[in-house]
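This is the structure I have questions about; it appears just below.
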Amino acid sequence: MKILTASLFFSIPILAQSGLQVRQTLDKYCVTCHNQKTRSGALALDTMDVDQVPAHGDVWEKVVTKLRAGTMPPAGMPRPDFATYTSTALWIEGRLDTAKPYAGRPLLHRLNRAEYANAIRDLLDLQVDVNSLLPPDDSAFGFDNISESLGVSPALQERHLLAALKIAALAVGDPAQPASSKTWRIRQDLSQNRQVEGLPAGTVGGTRERENFPLDGQYRLQAKLYRTNLNIVRGLQTAHQVEFSVDGKPVYHATIGGPADLAALFDKPTDTGDAVDARLQVEVPITAGPHTVSVAFVQNAQFAEPVRLQSFVRSSVDNFDWAGDPHLQTLTVSGPFHPTGPGDTPSRKRIFVCRPENTAKEEACARTIVATLLKHAFRQQPSATEIQRVMEFYHAGRKGGTFDSGIQAALERILASPRFLFRLEHEPDGLAAGDLYPVSGVELASRLSFFLWSSIPDDTLLNLASQNKLKDQAALDRQVRRMLAHPRAESLVTNFAGQWLQLRNLNNFQPNTDIFPDFDDNLRQGFKRETELLFQSVVQEDRSVLDLMTADYTFVNERLAKHYGIPGIYGSRFRRVPVTDEARKGLLGQGSILALTSHAERTSPVVRGKWVLENILGLEVPPPPPDVPPLKERKEGEKPRTMREQMAEHRANAVCAACHKTLDPIGFAMENFDAVGAWRNEDAGNPIDASGVLADGSKVNGVVELRNGLLSRPENFVTALTKKLLTYALGRGLDGRDMPQVRAIVQAAAKDNYRFSSLVLSIARSTPFRMSTAVGAAPVQEVAQK
């Protein structure tokens, strides 16, 4: 199937030159179902006035969406040709785009967990475990940075206050901090018979964690081993060395297993396990600040080579087997014990931009520190009143304490301030409701930084904003390109792509180990990393976003390459490799997507079809009706049935048939991939039938033809991605009033072959990103003050 290029699509002549011709097309192909009597899909087009398209934008936008995707009229009904589809959609869009520009109202936006953690990182040079400090955020429109879903409750306010106290103490190095402990758990299905990426060479299994140590002092490192369901430590039949490291340097070795431990295991299994765990701890001196702590097994030389020749079989399948490989379960860091001081941490260097030579100079230095912190925390130059308000907390902390304790109190006040926790956008006075106005320079700087970095602006952005230079398009474009090239743009991968592609849900994917015994957490992590690196390459190399669907390269390590059947790849490091199998190109051939759209024991054509429609084509899929019957389980002695056979019986239900007609052909085209993304040619002993007819009438057979069919109208995928990006950038849901801007962004990006930067630049230049629509009577700042 021929794929239209962007330039070809936008050069198609508009055949429907008048409202009369559009009316005739609708009457011929649409009104049969969509009329006042039947109202199929709650849509009646027989009474819609084609001369008043902008007045009913939401309705006509739905029509355009269906026309672009070719999903209406439904299969089996008379259909217009492609030129009529296109010209009708273009004519309606042309009328819709004459509507008054819409920018959205000013927002009161609370920082979500990811933004909060990044803001702390960039404000204080401090990585914090935000998951232990704050509860998860609600999501809307597919993202957790949507203003209206980021509510505030008394419980959340209390958590933010406690977080401010803990972070300030850690950042300043409060000597009164009590000893505490933190435990990391290693997943039970992580195979620990191979080297883990990032751990020292010559080790296998284990974990590597980054932790901020609050003070110089002694810290206890302790590991524990997994036990069987009978409370017996696994793998003691052979001696193993366990290595603890700090910043990659070994600090302790312990030996477990061997004849003595094995003999004791049969005598007193529980006591032996406790005794073995007791050996896996050590106290070591560690300086304050960030350090990497790891624990792993030292690779036994006699097993080093065969590992590469063996198939990847999960090393933790049987929870009753006491033999096999030992498994580390937890790593705990406790302390500090006998602390000696706050040290010279990156956080202290960031905070203490000056040091008073004597008591008389403390006030001036404290004011400088407070003003510097406020500038970055509040994302603009602080007023004298704001500085003085925080200085009162400094004075309270300094009284009876030290200069450092005064700064700590001031920092607590800053981190608990609504000005830090919320992004406030102010509406100028004298505007009527519905008036458009440009957001201020500092507000635009914050919009940019939270869009591209999920964090606060840096000095470059803030200085340009204060000089009002971001209003210049050339200056704005330079900042966008600079920010995309900055390491902080990694948040586009972890936050945007992680939610758009639903990669965050991979941790919850747990296939049936009886059916997929070799699936382990190593493969799960490989799935996620592969897709993240593909998206990252499109961002960093400024490639066409269509490469997400067609890339002839991917990123694998040995574990993932073995799963895909790619030879010659060894080790845990991910590297870029060419993809020669057409079925594996792009997102539709990656294990992450295929696993996310499967059930624990089988594939799901419905889930896969829904994922493609929503994330690749941007179509809304209605929720299933209540009480949908599950697929019938196979009875004992009954011949296994293919997924297509099971679904055929399911579709016999008239309530289910309509949606399945759209969803199933997409899912069946991907049936050669099993529930963990491995290629197969048979299902239940029969050859897989991957053929079907898409909603637009296109016939496909397999994932390659499916991908080509989806990209026969490339603007559909780009539009879907643009809507997601714009939603994420604005922190609000889109409606019909935003679609003219979405089309303008897509058309501008088409001139540059849909490069990622062209999409982002067009968003940054767009009306909804640079402007707001006045509320009028109750500006957001008045609401916030109340």
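The values are calculated or read from the model by the stated rules, or taken from the named source; none is laboratory data. What you see is a predicted model, and the numbers here were worked out from it, not measured in a lab. Counting neighbours? That spans all protein chains shown, and the Cβs are built from the backbone with ideal geometry, glycine included. These area figures cover heavy atoms from the full protein model, side chains too; ligands, DNA and RNA do not enter into them. Shrake-Rupley method; radii C 1.70, N 1.55, O 1.52, S 1.80 Å.
Which three lengths, in whole Å and largest first, does the stretch 353-459 cover when its Cα atoms are put on their principal axes?
55, 30, 20
Then there is this: At a probe size of 1.4 Å, how large is the accessible area of L161, to the nearest 10 Å²?
Counting only protein heavy atoms, the figure is 90 Å².
Skip the ligands, DNA and RNA, and give the accessible area per residue of the chain with a 1.4 Å probe, whole Å². All intermediate terms of the calculation are to be shown ahead of the outcome.
Details: 34550 Å² over 786 residues.
Using a 1.4 Å probe on heavy atoms only, each residue of the chain averages 44 Å².
Still on this structure, please answer the following. With N set to the number of residues, divide the alpha-carbon radius of gyration of the stretch 136-188 by 2.2 N^0.38 Å and report two decimals. Don't jump to the answer; show the numbers that get you there.
Details: Rg = 16.1 Å, N = 53, 2.2 N^0.38 = 9.9 Å.
Its radius of gyration relative to the 2.2 N^0.38 Å reference: 1.62.
Quick one: divide the alpha-carbon radius of gyration of the stretch 23-110 by 2.2 N^0.38 Å and tell me what you get.
Cα-based Rg divided by the globular estimate yields 1.23.
For the stretch 106-118, just list the computed ³J(HN,Hα) in residue order, Karplus coefficients 6.51, -1.76 and 1.60, θ = phi - 60°, integers in Hz, with x standing in for Gly and Pro.
Running phi through 6.51 cos²θ - 1.76 cosθ + 1.60 with θ = phi - 60° gives x, 10, 9, 10, 6, 5, 7, 4, 5, 5, 4, 4, 5 Hz.
State the Kirkwood hydrodynamic radius of the stretch 364-408 in Å, one decimal place, computed from all pairs of distinct Cα atoms.
10.5
Turning to a different aspect of this structure: Regarding the stretch 707-766, what whole-number volume in Å³ per residue does the convex hull of its Cα atoms give?
Roughly 85 Å³ of hull volume per residue.
R765 label point, 7 Å along Cα→Cβ, cut-off 17 Å on backbone N: hits in the stretch 452-476?
Residues passing the 17 Å test: 470-476.
Report, to the nearest whole %, how much of the accessible area of the stretch 64-216 belongs to carbon and sulfur atoms, 1.4 Å probe, protein only.
On the way: 3470 of 6540 Å².
C and S fraction of accessible area: 53 percent.
At 1.4 Å probe size, put R389, R113, R210 in order of accessible surface, largest to smallest.
Ranked from most to least accessible, the order is R210, R389, R113.
State, in angstrom, two size descriptors of the stretch 488-585 derived from its alpha carbons: Rg to one decimal place and Dmax to the nearest whole number.
Rg then Dmax for the stretch 488-585, in Å: 13.9, 43.
Give the residue list of GluC sites (Glu not before Pro) in the stretch 576-634 that are DSSP loop and have at most 11 other beta-carbon atoms within 10 angstrom.
Listed in order of number, the matching sites are E601, E620, E633.
Shifting gears a bit: If D542, D581 are ordered by their accessible area, calculated over protein heavy atoms with a 1.4 Å probe, which sequence runs from highest to lowest?
D581, D542
Something else now. Hey, if you drop one equal point scatterer on each alpha-carbon of the stretch 661-747 and run the Debye formula without solvent, what base-10 log of I(q)/I(0) do you get at q = 0.12, 0.21, 0.22 Å⁻¹?
With one equal scatterer per Cα and no solvent, log10 I(q)/I(0) is -0.53, -0.95, -0.98.
While we're looking at this one, here's another question. Report the full-extension gain for the segment H486 to Q388: residue separation times 0.36 nm, less the Cα-Cα distance, to one decimal in nm.
That works out to 31.8 nm of additional length.
Ok, one more. Filter K610/K699; K639/K661; K562/K639; K182/K361; K62/K724; K375/K528 down to the pairs with a C-alpha to C-alpha distance above 28 Å, please.
On the way: K610/K699 18 Å; K639/K661 26 Å; K562/K639 32 Å; K182/K361 39 Å; K62/K724 17 Å; K375/K528 37 Å.
With Cα atoms farther than 28 Å apart: K562/K639; K182/K361; K375/K528.
Enumerate the aspartates and glutamates that K399 could reach by cross-link, defined here as Cα to Cα under 14 Å, with residues fewer than 8 away along the same chain left out.
The qualifying aspartates and glutamates are E362, E363.
Can you give the extra length, in nm with one decimal, that the chain gains between K471 and M77 once fully stretched, where that is 0.36 nm per residue apart less the Cα-Cα distance?
That pair, K471 and M77, stretches by 136.7 nm at full extension.
First compute the accessible area of the stretch 217-278 with a 1.4 Å probe, then give the percent of it belonging to carbon and sulfur atoms. Present the calculation step by step, with values, prior to reporting the outcome.
Details: 1490 of 2800 Å².
The C+S portion of the solvent-accessible surface of the stretch 217-278 is 53 percent.
Using alpha carbon centroids, what distance separates the stretch 744-767 and the stretch 218-284, in Å?
The stretch 744-767 and the stretch 218-284 have Cα centres spaced 57 Å from each other.
Right, next: Cα extents of the stretch 99-227 along the three principal axes, largest first, in whole Å?
The principal-axis extents, from largest down, are 65, 40, 27 Å.
In addition: Roughly how large, in nm² to one decimal, is the mean projection of the convex hull of the alpha-carbon atoms in the stretch 536-634?
Its average projected convex-hull area is 8.8 nm².
Taking the full set of protein chains and a 1.4 angstrom probe, give the accessible area of T719 in square angstrom, rounded to the nearest 10.
The accessible area of T719 comes to roughly 40 Å².
From zero up to wherever the largest Cα-Cα distance of the stretch 431-474 sits, split into 10 Å bins and tell me the percent of pairs in each.
Result returned by the calculation: 29, 46, 21, 4.
Label points 7 Å out from Cα along the Cβ direction at R121 and T287: separation in nm?
Between R121 and T287, the label points sit 2.3 nm apart.
Taking the Cβ of A275 as the center, what net charge do the other residues with Cβ under 10 Å away carry, scoring Lys and Arg +1 and Asp and Glu -1?
Here the charged neighbours net out to -2.
Now, a different point. For the stretch 264-304, just the Cα set please: Rg and Dmax, both in angstrom.
Cα radius of gyration and Dmax of the stretch 264-304 are 15.7, 45 Å respectively.
How high is the FRET efficiency from K375 to N508, r the C-beta distance, R0 35 Å, rounded to 0.05?
The calculated FRET efficiency here is 0.30.
Which FRET efficiency value, to the nearest 0.05, is calculated for S153 and N229 with the Förster distance at 30 angstrom and r the Cβ-Cβ distance?
0.15
Continuing with this model, one more query. Roughly how many nanometres apart are two label points built 7 Å out from the Cα toward the Cβ at T270 and T255?
2.9
Calculate, in whole percent, how much of the Cα-Cα pair population of the stretch 196-295 lies beyond 16 Å.
Numbers: 2948 of 4950 pairs.
Counting pairs separated by more than 16 Å, the tail of P(r) holds 60 percent.
For the pair E682 and L436, what calculated FRET efficiency results from E = 1/(1 + (r/R0)^6), where r is the Cβ-Cβ distance and R0 = 56 Å, to the nearest 0.05?
0.40
Amide H neighbours of T207 under 5 Å, counting only residues 5+ apart in sequence or on other chains, H built in-plane at 1.01 Å?
It is V295, by chain and number.
Here is a further query. What ³J(HN,Hα) values, in whole Hz, does the Karplus curve 6.51 cos²θ - 1.76 cosθ + 1.60 give for the stretch 667-677 when θ = phi - 60°, with x put for Gly and Pro?
The phi angles translate into x, 5, 5, 9, 5, 5, 9, 7, 5, 10, x Hz.
What residues qualify as long-range amide H neighbours of T330, i.e. H under 5 Å apart, gap of 5 or more or another chain, H built at 1.01 Å from N?
I186, K224
Further, regarding this structure: Residue by residue through the stretch 343-360, what is 3J(HN,Hα) from phi via Karplus (6.51 cos²θ - 1.76 cosθ + 1.60, θ = phi - 60°)? Round to whole Hz and write x for glycine and proline.
Working through the residues one at a time gives x, 10, 8, x, 5, 5, 5, 6, 6, 8, 6, 8, 9, x, 6, 8, 4, 5 Hz.
Then there's this: Can you list, largest first and rounded to whole Å, the semi-axes you get for the stretch 333-399 by taking the square root of 5 times each eigenvalue of its Cα gyration tensor?
So the three semi-axes of the stretch 333-399 are 25, 16, 12 Å.
Also, I was wondering about something else. What does a probe at Y553 reach in the stretch 514-532, counting residues whose amide N is under 13 Å from the point 7 Å along Cα→Cβ?
Output list for this probe position: empty.
Can I ask one more? Computing the accessible area with a 1.4 Å probe over protein heavy atoms, can you report the carbon and sulfur percentage for the stretch 491-641?
49
Given N residues in the chain, what is Rg(Cα) / (2.2 N^0.38 Å)?
Against the compact-globule rule of thumb, the ratio is 1.07.
Contour minus end-to-end for E620 and Q188, with contour as 0.36 nm per residue of separation and end-to-end as the Cα-Cα distance?
Gain in length upon complete extension: 151.8 nm.
In nm, to one decimal, how far is the modelled label at R575 from the one at H395, with both set 7 Å along Cα→Cβ?
Here the answer is 6.4 nm between the modelled labels.
Roughly what percent of Cα-Cα pairs across the stretch 382-518 reach past 21 Å? Please list the in-between numbers first.
Details: 5990 of 9316 pairs.
Above the 21 Å cut-off, the stretch 382-518 has 64 percent of its Cα pairs.
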